[in-house]
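Reviewing the structure listed below.
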Amino acid sequence: MRKAISLYILVFCFSALAHAQNDSSNLPVNVTSKEKLANFTIVYAAQWTYYLIVHKKEIDKYGSFENWINYPRNPHYDRDSFEYNLYRHTLAGQYYYLFYRSRNYSEQNAFIWSAISSFAFEFTIETATERPSYQDLYQTPVFGTVLGVGVEKLSNYLHKTDTWPGHLLGYILNPFTLLPPTNDLIGSVEIHSNQVAVRIGWEFE
């Protein structure tokens, strides 16, 4: 099973990347340092939000500040099944990749920033309850990028059909294309007593 899945991913990766080389829509666009910081912050805030909501029970039971400080120094190979790691982290990595691509990153840079976001999650968020995983560090950006390349191309193809079902499915597959440019990002930081509130959003015209 594992060999079959690995072979499929490898073949899909080479075929998708080969097709990408002939796609003129993948021309790199300059992304400023300010935009890179804003984009990374958006992903990081989304990661924290997801973790605090979805893993609330684990955090309440196993989480501690001591773990958050000590676990980053002790990464390991987790015992999750290959299939579980493949599905969960591929899906997460796909969303990282698609978000960065929607911000005008080249395919290579979208992969790099997906890897950076994966590293940030493993070493600065999930460590509240568990040690960083070596498998997660490469499976999330690598498999996620492979899937993301295919999903992006399928989404673009559906939009090119210029039909409302095509547009609908295209946005379902890649909802990040609905977001306005990062330059339209607005945010604020408010301090009340011992609490800090950070608000991030987009200004729609």
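The numbers here are math on the coordinates, done by the rules we state, and not lab data. Given the structure is predicted, the values throughout are model-derived calculations rather than measurements. Ideal geometry is used to build each Cβ from the backbone, glycine not excepted, and the neighbour counts take in all protein chains shown.
A few points about this structure:
- Of the Cα atoms belonging to region 31-179, the radius of gyration and Dmax stand at 16.5, 54 Å.
- In Hz, Karplus ³J(HN,Hα) per residue of region 147-153 (6.51, -1.76, 1.60; θ = phi - 60°; x = Gly, Pro): 5, x, 4, x, 5, 4, 5
- Förster radius 35 Å - calculated FRET efficiency between Leu178 and Asp80, Cβ distance, rounded to 0.05: 0.60
- Distance between the modelled labels on Ile69 and Leu91, one decimal in nanometres: 3.5 nm (7 Å Cα→Cβ projection).
- Length gained on full extension, Glu58 to Tyr44, computed as 0.36 nm times the residue gap minus the Cα-Cα distance: 3.1 nm.
- Working from label points 7 Å from Cα in the Cα-to-Cβ sense, the Lys34 to Asp162 distance is 3.7 nm.
- Order by protection proxy (mean Cβ within 10 Å, highest first), peptides 102-111, 141-150, 58-67, 35-44: 141-150, 102-111, 35-44, 58-67
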